[in-house]
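The values are calculated or read from the model by the stated rules, or taken from the named source; none is laboratory data. This is a predicted model, so every value here is computed, not measured. Methodologically, a virtual Cβ is constructed for each residue, glycine included, from the backbone with ideal geometry; neighbour enumeration extends over all protein chains shown. Remember, those area values only see protein heavy atoms, side chains included, never the ligands or the DNA or RNA. Shrake-Rupley method; radii C 1.70, N 1.55, O 1.52, S 1.80 Å.
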Amino acid sequence: ARTAPPLLVFFPPAVTSPCKILKCNSEFWAATSGSHHPGAEEAPEFCTALRAYAHCTRRTARTCRGDLAYHSAVHGIDDLMVQHNCSKDGPTSQPRLRTLPPGDSQERSDSPEICHYEKSFHKHSAAPNYTHCGLFGDPHLRTFTDTFQTCKVQGAWPLIDNNYLNVQVTNTPVLPGSSATATSKLTIIFKSFQECVDQKVYQAEMDELPAAFVDGSKNGGDKHGANSLKITEKVSGQHIEIQAKYIGTTIVVRQVGRYLTFAVRMPEEVVNAVEDRDSQGLYLCLRGCPVNQQIDFQAIRSAQATEGRARRKGPSLPAPPEAFTYETATAKCREKLPVEDLYFQSCVFDLLTTGDVNFMLAAYYAFEDVKMLHSNKDKLHLYERTQDLTPGNTAPTGAHPTLWVALLCLCWLCLL
């Protein structure tokens, strides 16, 4: 009999959360790194770290009501207290425990073959075909089918939802009253899989990019193939990578400025592993954004360029809410993105709509992640689509300048 997939917990849309449970998790992991199962001589120090962890959760309890990571941590602390016979009273300083020798850690090289996707795959058929999805900036989405979209999608939205994992993002307004949004929170749920991994939850938000799962671990738990899922910190507080070898998947999460970017490399077989694809709900990386959430930023970009020329020749239009002109934004983006593809155009759009130079870096790193994760090097760059345009209207630059100026004015009214 087929078992039902674990319930995906949806987090409500919110601005920056005052809940600091991720900070508590990170501090506990730093204090106990390398000692998942402490020996008798380390138990007092482990208990000290646990008490400090419990104290940290109590400090943030009022602001963490309803937060999955918080409740997971509280229950985990109670369990560990019992397992290691720790008293709730005692010192709460956080000494760093001694790192165990490699043979005593959870790093296992003898994981079963089923926990290594490529090894088990190659026994039965040709090499897997990998696909890529990415989300960055204001926000721009590249789907598994290499469709490129700019979307509003304010609030919480499912990015990936299949039999193995769920990814959800929360996008919040960049400026008060603006329709420009960016990713402020990311939740990844890796579902328990056979003898390989326990269910693990990863959560990041503005100014909190942990290098561990919410339970403080860095791998798939206590199962024999636990090391087929692990987190690596590339740049502290800025860049982490999650390797899920049991499903052949690599995930890259970055914090650029105040906001998060997401990129994934995943086999097509895993992408399409859903219980009932026809009746499945929205899944942005596979289906793209709903039409009513999409923004035609290419038309707006052309309007911005035309308006820049019109401003030099005639009366001034109302100033947009940003420090960049079309010319200065173009010059700035060209510093990091010399090829004028959709990543470059996204960069220009984001600088004009937000005025935040970090969005230029977000576009740059998104393209760097594509270079690392995309399996088809001929599809790294994406350009303006022409197949959806009617004959005789193959590029937006051919339209009448007055139309683009009107579109620009409408765009600014939306952002105000």
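Computed quantities for the displayed model
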| read-out | value |
| --- | --- |
| Residues of the range 145-182 satisfying the condition of being hydroxyl-bearing (S, T, Y) and under 27 Å from Y117 (Cβ atoms) | T145, T147, Y164 |
| The range 162-191, residues that are among the charged types (D, E, K, R) and within 14 Å of the chain's Cα centre (by Cα) | K185 |
| Residues that are of a type in the set (A, V, I, L, M) and under 25 Å from Q203 (Cα atoms), drawn from the range 41-94 | A49, L50, A52, A54, A61, L68, A69, A73, V74, I77, L80, M81 |
| Filter result for the condition that a residue is charged (D, E, K, R) and at pLDDT 80 or above, over K23, K88 | K88 |
| Unmet requirement for G34, which otherwise passes all of (1) at positive phi; (2) modelled with pLDDT under 80; (3) open to solvent by 80 Å² or more (accessible area, probe 1.4 Å) | (3) |
| Criterion (more than 26 Å from F359 (Cβ to Cβ), out of contact with any Gly (no Cβ under 9 Å at 6 or more places or on another chain) and assigned by the TED database to the domain that holds Y117) met by exactly one of G288, G225 | G225 |
| Candidate set from the range 335-359 (those that are open to solvent by 30 Å² or more (accessible area, probe 1.4 Å) and among the β-branched types (V, I, T)); member that is farthest from S179 (Cα to Cα) | V339 |
| Search result, residues across the range 378-393 that are surrounded by fewer than 12 Cβ atoms within 10 Å (Cβ to Cβ) and modelled with pLDDT under 90 | R385, T386, Q387, D388, T390, P391, G392, N393 |
| Count - residues of the range 199-226 that are assigned to a strand (DSSP E or B), β-branched (V, I, T) and farther than 18 Å from N163 by Cβ | 0 |
| Some residue of the range 227-235 being hydroxyl-bearing (S, T, Y) and not in a loop (DSSP other than H, G, I, E, B) | yes |
| Residue match in the range 265-272 (condition: closer than 21 Å to L373 by Cβ, modelled with pLDDT of 95 or more, open to solvent by 10 Å² or more (accessible area, probe 1.4 Å) and assigned to a strand (DSSP E or B)) | yes |
| Cβ pairs under 7 Å, 6+ apart, first in the range 226-241 and on the phi > 0 side of the Ramachandran plot, second outside any strand (DSSP E or B) | G237/L209 |
| Qualifying residue in the range 159-180 (condition: without any contact (Cβ under 8 Å) to a residue 12 or more places away in the chain and of a type in the set (A, V, I, L, M)) | no |
| Any hit, the range 54-77, residues being open to solvent by less than 30 Å² (accessible area, probe 1.4 Å), modelled with pLDDT under 80 and in a loop (DSSP other than H, G, I, E, B) | yes |
| Near pairs, Cβ below 6 angstrom, 6+ apart or cross-chain, from the range 317-345 (on the phi > 0 side of the Ramachandran plot and modelled with pLDDT of 95 or more) to any residue that is of a type in the set (S, T, Y) and buried (at least 21 other Cβ atoms within 10 Å of the Cβ) | none |
| Top-ranked residue of the range 163-216 - restricted to ones that are touching an Asp or Glu at 6+ places or on another chain (Cβ under 8 Å) and open to solvent by 10 Å² or more (accessible area, probe 1.4 Å), ranked as farthest from G237 (Cα to Cα) | N163 |
| The lone exception for R312 - which of (1) in a helix (DSSP H, G or I); (2) open to solvent by 80 Å² or more (accessible area, probe 1.4 Å); (3) at pLDDT 50 or above it fails | (3) |
| Residue in the range 360-372 that is open to solvent by less than 60 Å² (accessible area, probe 1.4 Å), at pLDDT 90 or above and not in a helix (DSSP H, G or I) present | no |
| Counted residues, the range 236-279 - those being closer than 24 Å to S184 by Cα, among the basic types (K, R) and more than 12 Å from the chain's Cα centre (by Cα) | 2 |
